[in-house]
Amino acid sequence: MPQVPIRISAVLFALGPLLCAAEFEPTLEAAAKPRGAAPDGMVWIPGGEFSMGGPDASGGVCTPETMVDARPVLRVKVDGFWMDKTEVTNAAFARFADATGYKTVAEIAPTAEEFPGAPPEMLVAGAVVFRPPAQEVSLGNHLQWWSYVPGANWRHPEGPDSTIKGRENHPVVHIAWKDAVAYAKWAGKRLPTEAEWEFAARGGLSGKVYAWGDEFQPGGKAMANTWQGRFPVKDEARDGFAGTAPAASFPANGYGLHDMAGNVWEWVADWYRADAYPRAARAAAGAPLANPAGPHDSWDPAEPGTRKKVQRGGSFLCTDQYCTRYMIGTRGKGEIDTPTIHSGFRCVKSAE
């Protein structure tokens, strides 16, 4: 008897992209063109009207994960803008840090005022590093593969004995939200809104599961840097990379953007609220939202007292066994002052 619902579930999962796409209307690109030449390393994103949001995961139709924080699908308009072709690299961030003397959150020791009651030996500069366990573990406790490592930061991703030498063209990691904002301001840019990020990531497509279409590996070709193998024990690196990959290692999407799925999570400007989409839908009252900037505050029911910003795109640690948020409409979240080994960013620039 259990075989019947299993078969039904398998059929629904196979039909998922078709069922989900029915909620999405075509993307309508704006006709206006930018004035002047493209800023170095950036591409023009035309803006326009599109359907923003994630698949309906109820019943496992489209994905094994629930994606209720990306529901309902919203109709949104965004103005055109410039966007970095790739995630900000170690080399680019080094130019910023060397020019300004900027110290990231991971390079500054936390204080007793920030963490009252914490043992003094824990108040040391560092960041959160992924360390695979020696054997298979339950996926219900992420602390089995995440560790706070003193001395870990963007220059020393795995800890004080590691280096970014030879990884200059990899995306910079261990970037807290305020670090990304500081770099963007120095570069004369800003972080994208969540709506801008998703419009750009879709590359003109509508209702697709991934930034390139509905098939994860079309023709067996890897399209993004994600996890292969048994999570979290061993990444078999069948896509060619264990850990981060150099910028532009995988094909660009329809707008010329690389790594809009996988590699590292990308910070955006919006505060994270689990109920942001239904609130936005009520405010819109059926009309398209124009250049939405997101909610004014943060709320995550899992950690209601922790301030979080939205992250997009997934990372090299994402897998269908645990996190499928390399899917185009899905959302991530991160505590604003917690740098991790898979958090980075890219910037945008408004049209003049």
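The values are calculated or read from the model by the stated rules, or taken from the named source; none is laboratory data. What you are looking at is a predicted structure, and each value in this text was computed from that prediction instead of being measured. Because the Cβ atoms are built from the backbone with ideal geometry, glycine has one as well, and the counts that use them run over all protein chains shown.
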Scanning the range 162-201 for residues that are part of a loop (DSSP other than H, G, I, E, B) and charged (D, E, K, R), the one surrounded by the fewest Cβ atoms within 10 Å (Cβ to Cβ) turns out to be K165
Note: among E158, E87, just one is in a loop (DSSP other than H, G, I, E, B), touching a strand residue (DSSP E or B) at 6+ places or on another chain (Cβ under 9 Å), under 15 Å from D179 (Cβ atoms) and not β-branched (V, I, T), namely E87
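So which of R279, R346 ends up being part of a loop (DSSP other than H, G, I, E, B) and either in contact (Cβ under 8 Å) with a residue 12 or more places away in the chain or of a type in the set (S, T, Y) (or both)? Before you say what the answer is, go through the steps one by one.
Values: R279 fails: part of a loop (DSSP other than H, G, I, E, B).
Going through R279, R346 in turn, the sole match is R346.
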Within the range 262-317, residues more than 16 Å from M52 (Cα to Cα), crowded, with 24+ Cβ neighbours inside 10 Å and in contact with a helix residue (DSSP H, G or I) (Cβ under 9 Å, 6 or more places away or on another chain) come out as E266, W267, K309
When every residue in the range 137-155 that is part of a strand (DSSP E or B) and not hydroxyl-bearing (S, T, Y) is compared, the one nearest to C323 (Cα to Cα) is W146
Scanning the range 221-261 for residues that are farther than 28 Å from D40 by Cβ and among the aromatic types (F, W, Y), the one surrounded by the fewest Cβ atoms within 10 Å (Cβ to Cβ) turns out to be F231
Checked G329, G294, G314, G254 against criteria (assigned to a loop (DSSP other than H, G, I, E, B), touching a strand residue (DSSP E or B) at 6+ places or on another chain (Cβ under 8 Å) and under 22 Å from K349 (Cβ atoms)); the one match is G294
Residue hits (the range 115-160; surrounded by fewer than 11 Cβ atoms within 10 Å (Cβ to Cβ) and among the small types (G, A, S)) are G117, A134, S138, G140
Restricting the range 88-137 to residues that are modelled with pLDDT under 95 and acidic (D, E), the one farthest from T163 (Cα to Cα) turns out to be E113
